[in-house]
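The values are calculated or read from the model by the stated rules, or taken from the named source; none is laboratory data. In this text, all values refer to a predicted model and were calculated from it rather than measured experimentally. In this analysis, Cβ positions are derived from the backbone assuming ideal geometry, glycine residues included, and neighbour counts consider all displayed protein chains.
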Amino acid sequence: MPQTISNTPPASAGSNVFQLAPILFGFFIVGFADVVGIATNYVKKDFNLSDTLSNMLPMAVFLWFLIFSVPTGMLMNRIGRKRTVQLSMVVTGLGLLVPLLAYNLPVILAAFALIGIGNTLMQVSLNPLLSNVVSKDSLTSSLTAGQFIKAISSFLGPVIAAFAVARFNQWQWLFPIFAGITLLSFLWLTVTPVHEDSRKENTSTIMKCFALLGDVKIFLYFLGILTLVGIDVGLNVSAPKILMERTGMPLAQAGYVTSIYFVFKTAGAFLGAILLAKWPALLFYRASAFAAVVAMVMLLFAGNAAAIYAGVALAGFACANIFSILFSFALQRMPDRSNEVSGLLIMGVSGGAIFPFLMGIASDAAGAQWGAVAVLLVCCFYHWGLAAKERR
């Protein structure tokens, strides 16, 4: 049966700003999933895991995007977008509290799983909810602003972990800090009236949702999200290992390289939020894809810390806006099926589980981290090809 989300008339500009703030802050919570990058390195060290096994840890977070993304799109049709976002924050908060019970591998895996499920619910519902309070013309730049806020959160994760190690000798103290922020975000969104649109969406079956992948453009955008998140998570897992392997740097120091990635990703998202309001998104995408290829080639051959830092920084800057660009392309292609399209695209976030695993196999087979970087280079070439093929 079709569901009417709301019959509330359009909000005023001032009201839209009031509604927009807690939604954009929700992207800060989305960034908590990226803590798996630095956490994987600490867990590998603490429990003496191989590259292949340690690179499977992101699966505990990102595999749930493959399982729950499409059902979440259908859930939104039933309970609405705001309630789905609120549910996601509850699940995320529970996941962040689990490590307080004990520090062992099963507990960490359980925490990662809950964080992944909560993040799935949030990413599927948060982007469409944002479209309720911004115009179509502002959607790409608004999504990019959300990615900017997410990047700030992702940047803070390794910094807080390093501080916790230095101050308390326990990196996992970052979890209760993130849990407190999640609670504040939940309360802020709860007390804010967000007007969901009055458009009716059919509560589709799972098969009907997957049938949308029959549209070639939607399928290519899905693969774009899959490979992009593979780059994002894979590089954050491997960058400290590259530094340690090629320079002999200890983990506590090498872990900061992931913050460099997110600093430049934050800067790129900030710049993108401004420029995408005026520049064609396709032009921006093509430039970003080319820069990503250059960054991976640099990391493939970098032999000193400065070159590695430069490659990681360029990769962060290049990848900052691709997610929001592809998401806006897809939502604009099928605006009447935005819930289902959102679910399908967020299913692509499972690339964060798939590609780090492939990178672990490649690096173990090569006996060096260049094997992992080669996997990332293939992902970047995909975006270069997709950007060249795209016509708008």
Tell me, which helices (runs of 4 or more DSSP H) lie completely within segment 206-256 with 2 or more residues that are buried (at least 22 other Cβ atoms within 10 Å of the Cβ)? 216-247
Determine whether segment 354-373 contains at least one residue that is closer than 20 Å to Ser141 by Cβ, more than 17 Å from the chain's Cα centre (by Cα) and modelled with pLDDT of 90 or more. no
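Each row is one residue, and each column tells you yes or no for (1) outside any loop (DSSP other than H, G, I, E, B); (2) out of contact with any Phe, Trp or Tyr (no Cβ under 8 Å at 6 or more places or on another chain); (3) among the small types (Gly, Ala, Ser).
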| residue | (1), (2), (3) |
| --- | --- |
| Ser338 | yes, yes, yes |
| Ser350 | yes, no, yes |
| Phe355 | yes, yes, no |
| Leu358 | yes, yes, no |
| Ala362 | yes, yes, yes |
| Val375 | yes, no, no |
| Tyr382 | yes, yes, no |
How about segment 89-100: which of its residues are touching a helix residue (DSSP H, G or I) at 6+ places or on another chain (Cβ under 6 Å) and either modelled with pLDDT of 90 or more or more than 15 Å from Ala39 (Cα to Cα) (or both)? Met89, Val91, Thr92, Gly93, Leu94, Gly95, Leu96, Leu97, Val98
Filtered residue count, segment 129-179, keeping only those that are free of Cβ contacts under 8 Å to residues at least 12 places away in the same chain, over 14 Å from Ile38 (Cβ atoms) and either among the aromatic types (Phe, Trp, Tyr) or surrounded by 24 or more Cβ atoms within 10 Å (Cβ to Cβ) (or both): 1
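Please find, among Lys265, Lys278, Lys241, the residue that is within 17 Å of the chain's Cα centre (by Cα) and charged (D, E, K, R).
Result: Lys265 is the single residue among Lys265, Lys278, Lys241 that is within 17 Å of the chain's Cα centre (by Cα) and charged (D, E, K, R).
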Mind telling me which of the residues Ala269, Ala287, Ala273, Ala291 ends up being in contact with a helix residue (DSSP H, G or I) (Cβ under 6 Å, 6 or more places away or on another chain) and either modelled with pLDDT of 90 or more or not in a helix (DSSP H, G or I) (or both)? Ala291
Options Leu49, Leu66, Leu57; residue that is buried (at least 24 other Cβ atoms within 10 Å of the Cβ) and out of contact with any His (no Cβ under 8 Å at 6 or more places or on another chain): Leu57
Identify all residues within segment 240-267 that are within 14 Å of Ser288 (Cβ to Cβ) and free of Cβ contacts under 8 Å to residues at least 60 places away in the same chain; write none if there are none. Phe264, Ala267
